[in-house]
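K.L.:
Mind looking over this structure? Questions follow.
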There are 2 protein chains.
Amino acid sequence: MDKSALLELDNQLCFALYACSREVTKLYRPFLDELGITYTQYVTLLALWEKDEVAVKELGRRLYLDSGTLTPLLKKLEGLKLLRRERDPQDERSVIVRLTPEGRALKERAAEIPERVFCQTSLTPEGIESLRDQLRKLTVEAHTQSCDAGL
Amino acid sequence: MDKSALLELDNQLCFALYACSREVTKLYRPFLDELGITYTQYVTLLALWEKDEVAVKELGRRLYLDSGTLTPLLKKLEGLKLLRRERDPQDERSVIVRLTPEGRALKERAAEIPERVFCQTSLTPEGIESLRDQLRKLTVEAHTQSCDAGL
DNA sequence: ACCACATAAATTGCATGCAATTAAATTGCA
DNA sequence: TGCAATTTAATTGCATGCAATTTATGTGGT
């Protein structure tokens, strides 16, 4: 690549990621508004629908979020009666998150959201899978680098 | 795909994007700390290094950001003496953003950041280009959809 | 048992993002 | 010309993200 092009906005993978993530998230908003939740609350529920009764710590590992983000978010979802937060009797440092019946029930109403969102794009199922797998790989690499740097 | 897998977190392209964007952004932090700027300030400067003397509106189009985000961000950069904000005499509704000499000079110090970041990954230049182009296409599609929906 | 160290959440402070509203300026058209 | 509709920034309010610190709890070694 031309040296002078190295700093061009449209050549940056980081900016492509940053912009794409925000624009795709916006596609979810109309659907999530119907459920009365935000995008971050949605991915948190995705994680919990898959594996319930997890510590905040583990949820954070799964979502790449720390307690500074999760604590207020989980309190919000608790206020919506979608989950409960309780200290782990086995280890009082941990807080265990458990879906309520309402929280579990919301999964049915969310079931069709992914399809409805990606119908709006020209992506094929194969295209989605391929892109998703490339991103997952890069995410793990980037995360490993960040952690290594911190030592 | 299995029906029950439709809501699995690791099958979501949206989550792959969301997580990847944040993790890759974190790789920039150590480098940007040296320059005393944040990631959003960095991409704003990338846009301005490429095309200076633009209205806030156009900068927003370029970055997919609105004045609610840009106004405080540009005021911060103005406080750092990297740019100036002035009303357009031709159209007093617009605010024109202009880099200061210091703002322009910062480009030199930023020149090697993209390489240094992606050295930390296993991505090849071709892999970066390919991924970036897929994301750009999706970004434009998603943005178009959002705008259409708003009408 | 004691204590240094480690671990998990919560808290604090700051910087986004973005919807919604407001204020000022411009435009278009009757 | 006059004025309604439009356009651009700025403002407001709320929800993240995340670094850094604090608080509470657990662990390991002596």
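Read-outs throughout are calculated quantities, based only on the coordinates presented, and are distinct from any laboratory measurement. Bear in mind the structure is a predicted one, so any value in this text is a computation, not a measurement. Note that we place each Cβ from the backbone using ideal geometry, even for glycine, and neighbour counts take in every protein chain shown.
K.L.:
Where does region A:11-120 land on Rg(C-alpha)/(2.2 N^0.38 Å)?
P.N.:
Compared with the compact-globule rule of thumb, region A:11-120 sits at 1.16.
K.L.:
Now a separate question. What are the ³J(HN,Hα) values, in whole Hz, obtained from phi via the Karplus relation 6.51 cos²θ - 1.76 cosθ + 1.60 with θ = phi - 60°, for each residue of region A:63-78 in sequence order, with x given for Gly and Pro?
P.N.:
Calculated HN-Hα couplings, in order: 9, 6, 10, 9, 5, x, 8, 6, 4, x, 5, 5, 5, 4, 5, 5 Hz.
K.L.:
What does the average come to when, for each residue of peptide B:24-34, you count the partner chain Cβ atoms lying within 10 Å of its Cβ?
P.N.:
4
K.L.:
Follow-up. List the residues whose amide H sits under 5 Å from the amide H of B:Ser94, counting only those 5 or more places along or on another chain, with H placed 1.01 Å from N in the peptide plane.
P.N.:
Amide H neighbours of B:Ser94: B:Asp88.
K.L.:
Determine the shielding of peptide B:125-134 by partner chains: average, over its residues, the number of Cβ atoms on other chains within 10 angstrom of each Cβ. Don't skip to the answer; put the middle values down first.
P.N.:
Working: counts 1, 0, 4, 6, 3, 4, 8, 9, 3, 8.
Per residue, the number of nearby Cβ atoms from other chains is 5 on average.
K.L.:
How far is helix B:39-50 tilted, in degrees, relative to the longest principal axis of the Cα atoms in chain B, given as a value from 0 to 90 rounded to the nearest 10?
P.N.:
60
K.L.:
Quickly estimate the mean residue ellipticity at 222 nm for the protein assembly as shown, helices only: each DSSP H run with n ≥ 4 gives -39500 (n - 2.57), and the total goes over all residues, rounded to 500.
P.N.:
Computed mean residue ellipticity for the protein assembly as shown: -20500 deg cm²/dmol.
K.L.:
I've got another one for you. Quick one: label points 7 angstrom along Cα→Cβ at B:Asp88, distances to the other copies in nm, smallest first?
P.N.:
5.7
K.L.:
Still on this model: List the residues whose amide H sits under 5 Å from the amide H of B:Val54, counting only those 5 or more places along or on another chain, with H placed 1.01 Å from N in the peptide plane.
P.N.:
B:Val97
K.L.:
Also, quick follow-up: Quick check: the angle from helix B:125-149's long axis to the longest principal axis of chain B, C-alpha only, nearest 10 degrees?
P.N.:
Its long axis makes an angle of about 80 degrees.
K.L.:
Amide H of B:Thr100: which non-local residues (sequence gap of 5 or more, or other chain) have their own amide H closer than 5 Å, using H built in the peptide plane?
P.N.:
Under 5 Å from the amide H of B:Thr100: B:Leu83, B:Arg84.
K.L.:
Further, regarding this structure: Give me the tail of P(r) for the protein assembly as shown as a percent: Cα-Cα pairs with distance above 30 Å.
P.N.:
40
K.L.:
Pop out the Kirkwood hydrodynamic radius of region A:41-103 from its pairwise C-alpha distances, inverse of mean 1/r, in Å to one decimal. Numbers along the way, then the final one.
P.N.:
Values: mean 1/r = 0.0875 Å⁻¹.
With all distinct Cα pairs of region A:41-103 included, I get 11.4 Å.
K.L.:
Another question, then. Can you figure out the FRET efficiency of A:Leu6 with A:Gln90, using R₀ = 45 Å and their beta-carbon distance, to the nearest 0.05? Mind showing how you got there, number by number?
P.N.:
On the way: r = 52 Å, r/R0 = 1.17.
It comes to 0.30.
K.L.:
What does the highest-first list of A:5-18, A:84-97 look like by mean Cβ count within 10 Å?
P.N.:
Descending mean neighbour count gives A:5-18, A:84-97.
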